[in-house]
Amino acid sequence: MKIAGVPETDSTFELIKSHALSQWQELYDGTKPVIMVGTTTCGRAAGALEVLQAIRDELAKDHLDARVVEVGCMGHCYAEPLVIISKPGHPTMAYGYVTTEIARRLVKDYVIGEDISLEFSLGALEENDLIPSIYDLPRFAYEKQIILENCGHIDPEDIDHYIAKGGYESLAKALQMQPQEIMEEIRRSGLRGRGGAGFPTWQKWEICGNSRGRPKYVICNADEGDPGAFMDRAILESDPHSVIEGMVIAAYVVGARHGYIYVRAEYPLAVHRVRIALRQARRLGLLGKNILGGDFNFDIKLFQGSGAFVCGEETALIASLEGRPGLPQHRPPFPAVSGLNGKPTLIDNVKTLAYVPRIMMNGAAWFSSTGTEESKGTAVFALAGKVVNTGLTEVPMGTTLRQVIFDVGAGIPNGKRFKAVQIGGPSGGCLPESALDLPIDFDSLTEAGAMMGSGGMVVLDEDDCMVEVARYFLEFTQRESCGKCTMCRLGTKQMLEILDDITKGRGRMEDIDTLYEMAEDIKAGSLCGLGKTAPNPVLTTLRYFRDEYEAHIKERRCPAHMCRDLIAYYILPEKCERSCDACVGTCTVEAISSNKKGIKVIDQEKCVKCNTCLQACPPQYNAVIKLSPPELVPAAKGKK
Amino acid sequence: MNGVSLTIDGKRIKARKGEKVLWAALDNGIYIPNLCAIPEASAPFAGCRLCFVEIEGRNGPVTACTETVEEGMTVNTQGPKAQRLARTALELLLASHPVDCAHCPANRACELQKIAFHLRVKLKPKRFRKIERELPIDSSSPVFTYDPNKCVLCGKCVWACREQLSIGVLGFAQRGFKRVVTTFDNRPIAESNCQGCGDCAAVCPVGAMVLKGVNKARASHARAKSRE
């Protein structure tokens, strides 16, 4: 390995930086209001583009000169669309749940007028004496933003914003260092791979750096495919340059010349924004030949995966990149020794790479001061499911599940009871209430039977059946298994059939033993990580919710009233209102009729259990209930 | 040439450096069950999960087709953990295989039968549910019949057609349980670019691809003889 640093690197970067800073200062020069709209996928799904248009239209109508900037996701996906308004002389304000109507009012009342519209605000984005700050919300006591720091605060399509916030400074600094020194810094930081397994990052870098064979490659694994996970997408859409900067530094350390960002085609906005970011970085000489005027060359291509879940496995990802079917291969050899085109290849997750510039900027000690003994730094989670504040959160390693779900996520909606949290997607597991005080890190989760995985966290409440949840995840893995190896292809199929039977009331007690035996063998005998972790959702639900399995098998009863074959809908005669026939009209199969007294009765043979009557029954009556097992429905009197 | 000496099942053997344990064992008359291993292939397919062995100092069983021999290595092909995994894999294959040996042209020339006997697994094991795929049989080719239901997805036919002969008529399609060996666009073999060489049927270890009018048992017997 040779050193690329040349004296001019420093001055080249200073020029770039001073230009970026002047652009940033111009944006906030105190003469015009700045309106920021979060337009990542979560915002767009909630109508952010319409809000953006409404703001522009309203400004144009009044010939008002304000700067409108599209930014990324702050993590408060529950409150999207999110709008931030900085008006000179006022504290910067964040507004949530913005509709086009509210957007127009905000422009009229606050941008033009003086009404700060507190009723729509989430809080001020800076400490001040007048308005409560958003940072006073309980969640901020637990959050610590390292890689989400810029998200939602800069324009991801403008490299100057990233540079003005200190971006690419780490790269300029790194190019003045020996690769060995950078590796040492990463080693001391204790950074572990955020793709799921938590392998020490520096070790992978060292193996790749020491491997003979040229050229070497660096790949960013952005093939995020877990149901309920969207951290990588949010980072690529909100702060793509941090990932690119991390890649260039990694490439410099291992001596790579070519890089790929492997991102799923189902993330069109991420693809679009990464493309723009690559173009801008290349134009400024931060990517390509002679980076920052030195003699280090490295360029990145973007590759779109076709959506196979297994392509997140590194050997399958490489096969797919080479144009072959995305099938995993036996390891060793590991990609760091023999990867893309048989050459040494460093593969790191989006988040891992995004940490690198921050560590180089603030030092290893700064990074390792956060977190637990074995897991340093922060963890990024995507909170989804039955939780009030869905969205992204970054918390120090060692934060408990309770803090994440109940303080950051604000608990379970509609007064329901927490039942379990599914962590790590199809490779992870379901942890029960008793595990809520577990400090989260790589090792504690593995010990509890789950897995950090990529960081998806799906919260489940009392209405979720744990057997059904296990079945759902196994169905996912079975469908997404590449089918190459016997254990995964046929083993998960057998397990799925068993779970299917149990949820349909056809299970036998011996099936539980078979599930355990199968799970053990599939874990020990599968070819790749997908198969080796596929039984985890089943194993954890068996471990923590065995009573639910037994209720399904022994009593044909689904405690959560979720498994369709084990429930029946019933109308409580004492609650049913004679003059109301809301349910009769909505029933899709005409299974509900009125008896002589005007009380509604469901014909169980006709009923398809579609749940519409339960939703249609007015809340003041609440007469429709679910019963499990279905035999609990009292026999109809006087039926012919 | 510098060889490597190792012990397999108590027998001291010499192997070529860089050789995989599976071939070292087979070359020395020690049988390890396998369906997908191809000696000429550049990298092991490692899909059938039948060649599990235990190696001293290793944490858990490993597949013999992926392990490179090392000086002084001690291999046990009969270890209980390895046998358990191999048996599970075989039972899984049999549970999704139409076991109708008496009417199968591959009867007595079928690797599944051989491995079942070796591992002492009944041909109709009871532990798992019988899950078959019920796909149509393709007898459009004048040379061979293809019954995808009997296929164990070892990939030998795909390798022969694609890597060895560079014809590339056969390939894998679909994922998970639906994975299948088929032609481009799932067309009948006769409508594909098949040259009719029959090599796929020759390498098929079970009764999925069978030459028409040829008794597989007799043919494989004859092949074995001609090799001697």
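Taking segment A:536-640 as the region of interest, the helices (runs of 4 or more DSSP H) fully inside it that hold 3 or more residues being over 23 Å from A:Glu433 (Cβ atoms) are A:582-586, A:612-616. Please go through segment A:475-507 and pick out each residue that is more than 11 Å from every other protein chain (Cβ to nearest Cβ), assigned to a helix (DSSP H, G or I) and not hydroxyl-bearing (Ser, Thr, Tyr). Residues satisfying the conditions are A:Leu499, A:Ile502.
Residues that are among the hydrophobic types (A, V, I, L, M, F, W, C), out of contact with any strand residue (DSSP E or B) (no Cβ under 7 Å at 6 or more places or on another chain), in a loop (DSSP other than H, G, I, E, B) and surrounded by 15 or more Cβ atoms within 10 Å (Cβ to Cβ) within segment B:34-93 comprise B:Leu35, B:Cys36, B:Ala37, B:Ile38, B:Ala41, B:Phe45, B:Cys48, B:Leu50, listed in sequence order.
Of the strands (runs of 3 or more DSSP E) lying entirely inside segment A:310-411, those carrying at least 2 residues that are within 18 Å of the chain's Cα centre (by Cα) and within 21 Å of A:Glu433 (Cβ to Cβ) are A:378-385, A:391-396.
The numbered conditions (1) within 12 Å of chain B (Cβ to nearest Cβ); (2) touching a residue at least 12 places away in the same chain (Cβ under 8 Å) are all true for A:Ile512 except (1). Of the candidates B:Leu6, B:Leu26, B:Leu93, the single residue that is hydrophobic (A, V, I, L, M, F, W, C) and within 12 Å of another protein chain (Cβ to nearest Cβ) is B:Leu93. The residues of segment B:101-113 that are more than 13 Å from chain A (Cβ to nearest Cβ), in contact (Cβ under 8 Å) with a residue 12 or more places away in the chain and part of a helix (DSSP H, G or I), listed by number, are B:Cys101, B:Glu111, B:Gln113. Just a yes or no: is a residue in segment B:37-44 among the acidic types (Asp, Glu) and in contact with a Gly (Cβ under 6 Å, 6 or more places away or on another chain)? Within segment B:37-44 (the criterion being among the acidic types (Asp, Glu) and in contact with a Gly (Cβ under 6 Å, 6 or more places away or on another chain)), the answer is no, since none of the residues qualifies. For segment A:433-450, taking the residues that are assigned to a helix (DSSP H, G or I) and touching a strand residue (DSSP E or B) at 6+ places or on another chain (Cβ under 9 Å), the one that is nearest to A:Asp461 (Cα to Cα) is identified as A:Glu433.
Listed conditions (1) buried (at least 24 other Cβ atoms within 10 Å of the Cβ); (2) in contact with an Asp or Glu (Cβ under 9 Å, 6 or more places away or on another chain); (3) within 14 Å of another protein chain (Cβ to nearest Cβ); (4) not aliphatic (A, V, I, L, M) are all met by A:Ser454, apart from (3).
Results for (1) in contact with a helix residue (DSSP H, G or I) (Cβ under 7 Å, 6 or more places away or on another chain); (2) within 14 Å of another protein chain (Cβ to nearest Cβ); (3) over 25 Å from B:Cys104 (Cβ atoms), shown as yes or no for each residue.
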position: B:Gly155; (1), (2), (3): no, yes, no
position: B:Arg162; (1), (2), (3): no, yes, yes
position: B:Arg175; (1), (2), (3): yes, yes, yes
position: B:Val180; (1), (2), (3): yes, yes, no
position: B:Phe184; (1), (2), (3): no, yes, yes
position: B:Arg187; (1), (2), (3): no, no, yes
position: B:Ser192; (1), (2), (3): yes, no, no
position: B:Gln195; (1), (2), (3): no, no, yes
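Looking across segment A:67-98, the residues that are assigned to a loop (DSSP other than H, G, I, E, B), in contact with a helix residue (DSSP H, G or I) (Cβ under 7 Å, 6 or more places away or on another chain) and surrounded by fewer than 24 Cβ atoms within 10 Å (Cβ to Cβ) come down to A:Lys87, A:Gly96, A:Tyr97.
Read the figures in this text as sums done on the coordinates, not as results from a lab. The structure displayed is predicted, hence computed values, not measured ones. Counting neighbours? That spans all protein chains shown, and the Cβs are built from the backbone with ideal geometry, glycine included.
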